[in-house]
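To start, the structure itself, in structure tokens.
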């Protein structure tokens, strides 16, 4: 449900009736009475305020705000004061809308929310920048409260790293989740941790390859402390990292948005490339730990790519997913080290991220850095390369879905097994695999792109303008960016 749809739903579930009685000599300014409803079997049933708020997971002030109520001060304000406040709100709104936003899939949040680029870290920093901007242009300045109100209205948020606090743990702490549900959640988290510990020990003994993998928080290029950057869109740069739990080896795939999009076949290409090289020198079974992000790790395209590789290399590959909200892994330490090395560094070209990553660790060995271009990526999403048309464990409404899977096993025989709980045994996926017509399992997969991916004309123009704060020997890179 989008932000606007939520507002409309609340408005449709609350009736306001004029106050019929007032206490004698009362100074109350209340002008109406609110009646709250919830839909039960498609019928509106009247409920109390507490039930209404707890069911929808919102606060009373949110309901009042969405219903368009004014505060006492607003009601008593002079018309000129109201006009002045609206002028300041509009000033704040124009400022916020002028700031570049990141696509919502760069954050694990609702797709209806807009995210500011991570160059702005806090609301205090954002407000200071707004004040400086408004003062420099002799425009009215909204108060901090009014400014944050506009943030709320426009559904704009600061960029949130993907490793944030667990929603379910926070809900239990706030009293919005039962102890029984919380205990079950913690049990799932502990089982996943135990599973990873056991596989890590097996990898140390050399019986399997155990890996963790994840995408680092998005980086921007150029990245430097210059006011010219705040209102310009910049090039997105990404780092997909794989950490070997047995050897502590690390591979970092640095790429910018002209090389590829963030789609399932992108991650499949990284995994197949890394595992192919790993298994050439040391062929043994593989266990891969990731978070449960559907677009990135838990999907049909990645599964079919890994199944093809398992068949080609005659080994078993197993994917295991950590519990949502508790996906901290060894690979995160790599991202932390890189972040520390990047602190206070000026970045003019995407290649600088790769260079700094190579220098980030000395012992036990430097990070391996790969910088793929558009020719690197394979089209594992093509229907001819899908052995299984789906990895959903159920078929009908109410049956188990992909998000319920905790582990997937790909066998050399060309079959997929799965677990819904780590303590369960693997069972066959209730789907019929297609017959493979080609003896070539990996090499037959064609390229994903014929050329570099174009950026928008707006972004290209912004990057051209930013050349004024970039050294001249870097200008040719931005001149040669494809755009449409």
Fraction of beta bridges assigned by DSSP in the stretch 168-479 that are antiparallel (%, nearest 5): 70 percent
Could you check the simple spin-label distance between residue 432 and residue 483, using points 7 Å along Cα→Cβ, in nm with one decimal? 5.2 nm
Using alpha-carbon coordinates, inclination of helix 300-313 to the longest axis of the chain, degrees: 10 degrees
When the chain is fully extended, how far beyond the present Cα-Cα distance does residue 153 get from residue 474, taking 0.36 nm per residue of separation? 111.6 nm
Could you list 415, 122, 327 in order of exposure, starting from the residue whose Cβ has the fewest other Cβ atoms within 10 Å? 122, 415, 327
Which angle from 0 to 90°, rounded to the nearest 10, does the C-alpha axis of helix 79-98 make with the longest principal axis of the chain? 10 degrees
Determine, for each peptide in 241-248, 399-406, the mean count of other beta carbons within 10 angstrom over its residues, then list the peptides with the highest first. 241-248, 399-406
Label the chain by shape, choosing from rounded, prolate and oblate, from the square roots a ≥ b ≥ c of the eigenvalues of the Cα gyration tensor; if a/c is under 1.5 it is rounded, and otherwise prolate applies when a/b is larger than b/c, oblate when it is not. oblate
Between residue 401 and residue 389, what length in nm is gained on full extension when 0.36 nm per residue of separation is reduced by their alpha carbon distance? 2.9 nm
As a footprinting exposure proxy, order 179, 285 by other Cβ within 10 Å, with the fewest listed first. 179, 285
Reduced to Cα centres, the span from the stretch 114-191 to the stretch 381-399 in Å works out to 36 Å
Order of 182, 353 - criterion: other Cβ atoms within 10 Å of each residue's Cβ, fewest first: 182, 353
To the nearest 0.05, how large is the calculated FRET efficiency for residue 120 and residue 11 if R₀ is 35 Å and r is the Cβ-Cβ distance? 0.65
Rounding to the nearest 10 and keeping the result within 0 to 90°, find how far the Cα-based axis of helix 179-205 lies from the longest principal axis of the chain. 30 degrees
Given the peptides 286-299, 123-136, arrange them by the average over their residues of other C-beta atoms within 10 Å, most packed first. 286-299, 123-136
Spatial separation of Cα centroids for the stretch 272-319 and the stretch 420-484, in angstrom: 18 Å
I'd like the FRET efficiency for residue 58 and residue 179, computed as 1/(1 + (r/R0)^6) with the beta carbon distance as r and R0 of 30 Å, rounded to 0.05. 0.85
Testing the spin-label approximation: label points 7 Å from Cα along Cα→Cβ at residue 294 and residue 314. State their distance in nm. 3.9 nm
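Coordinate-derived values only; no laboratory data. Predicted, not measured: the structure shown is a model, and the values here were computed from it. Here the Cβ is made from the backbone with ideal geometry for all residues, glycine too, and neighbour counts use every protein chain on show.
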